[in-house]
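Structure first, commentary second.
The values are calculated or read from the model by the stated rules, or taken from the named source; none is laboratory data. Keep in mind that what you see is a predicted model, and the values were worked out from it rather than measured. Reconstructed Cβ throughout: ideal geometry from the backbone, glycine too, with neighbour counts over all protein chains shown. We work out accessible area using only protein heavy atoms, side chains counted, and drop any ligands, DNA or RNA first. Shrake-Rupley method; radii C 1.70, N 1.55, O 1.52, S 1.80 Å.
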Amino acid sequence: MSIDVLNETEFSIDELELVACARYVMEQMRVHPKADLCLRLVDEPAMETLHVQWMDLPGPTDVMSFPMDELRPGREGVEPQEGMLGDIVLCPSVAARQAREAGHATEEELLLLTTHGILHLLGFDHAEPDEEREMFELQRQLLLTFLATRGRPSA
């Protein structure tokens, strides 16, 4: 797997932890081992521009996902499709505010948002209540098991 991190902010980010989380989630979702992913960290003005341009919503948001080859989770016994998974854009300053409100570290919020973004790239959504339950439960399981494998307390 090729996972690139482009940190265009002043935030000091543990890029290796973000990559480890992304790799873990992609492996658990049976994404092809040669799939490509880009994690881009931007400031609030850049995120607001993307949010307005792509979602027609004002203000910056925490995470946006831009799928490329519309890859889907692999299934047991079926060779997954190779290709470009896509880009995830994270806004660390928005994540930091959300982390404070939730009572956990900014890094944990960024891991959550990375997991959330990958699920969106794989076709998961949360527009409907059933979809939201499924996506958020899967997101929670993936993040908790990732943190457990890293020997870290969960958020």
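Just a few scattered comments:
- Any hit, the stretch 96-109, residues being at positive phi, open to solvent by 50 Å² or more (accessible area, probe 1.4 Å) and either charged (D, E, K, R) or in contact (Cβ under 8 Å) with a residue 60 or more places away in the chain (or both): no
- Residue-level check: of (1) out of contact with any Gly (no Cβ under 6 Å at 6 or more places or on another chain); (2) modelled with pLDDT of 95 or more, ILE88 misses just (1).
- When the criteria are applied in full, LEU112 fails the requirement of being open to solvent by 30 Å² or more (accessible area, probe 1.4 Å), hydrophobic (A, V, I, L, M, F, W, C), over 15 Å from MET26 (Cβ atoms) and not in a helix (DSSP H, G or I).
- Within the stretch 123-139, the set of residues being surrounded by 12 or more Cβ atoms within 10 Å (Cβ to Cβ) and in contact with a helix residue (DSSP H, G or I) (Cβ under 9 Å, 6 or more places away or on another chain) comprises PHE124, HIS126, MET135, PHE136, LEU138, GLN139.
- Of all the listed residues (LEU147, LEU119), the sole one being open to solvent by less than 70 Å² (accessible area, probe 1.4 Å), in a helix (DSSP H, G or I), of a type in the set (A, V, I, L, M) and within 17 Å of ASP14 (Cβ to Cβ) is LEU147.
- Each residue in the stretch 76-91 was checked for being closer than 11 Å to ASP36 by Cα and in a loop (DSSP other than H, G, I, E, B), and 2 of them qualify.
- Applying the set (1) open to solvent by 50 Å² or more (accessible area, probe 1.4 Å); (2) in contact with a strand residue (DSSP E or B) (Cβ under 7 Å, 6 or more places away or on another chain); (3) part of a helix (DSSP H, G or I) to GLU27 leaves exactly one unmet item: (2).
- Restricted to the stretch 38-75, and to residues there that are among the acidic types (Asp, Glu), in a loop (DSSP other than H, G, I, E, B) and in contact (Cβ under 8 Å) with a residue 24 or more places away in the chain, the residue that is most open to solvent (accessible area, probe 1.4 Å) is GLU70.
- Against the conditions (1) assigned to a helix (DSSP H, G or I); (2) more than 12 Å from the chain's Cα centre (by Cα), HIS104 satisfies every one except (1).
- Contacts under 8 angstrom Cβ, first residue in the stretch 114-133 being farther than 15 Å from ARG40 by Cα, partner of a type in the set (Phe, Trp, Tyr), 6 or more apart: HIS126/PHE136; GLU131/PHE124
- Within the stretch 1-24, restricting attention to residues that are touching a helix residue (DSSP H, G or I) at 6+ places or on another chain (Cβ under 8 Å) and at pLDDT below 95, the residue that is surrounded by the fewest Cβ atoms within 10 Å (Cβ to Cβ) is ASP14.
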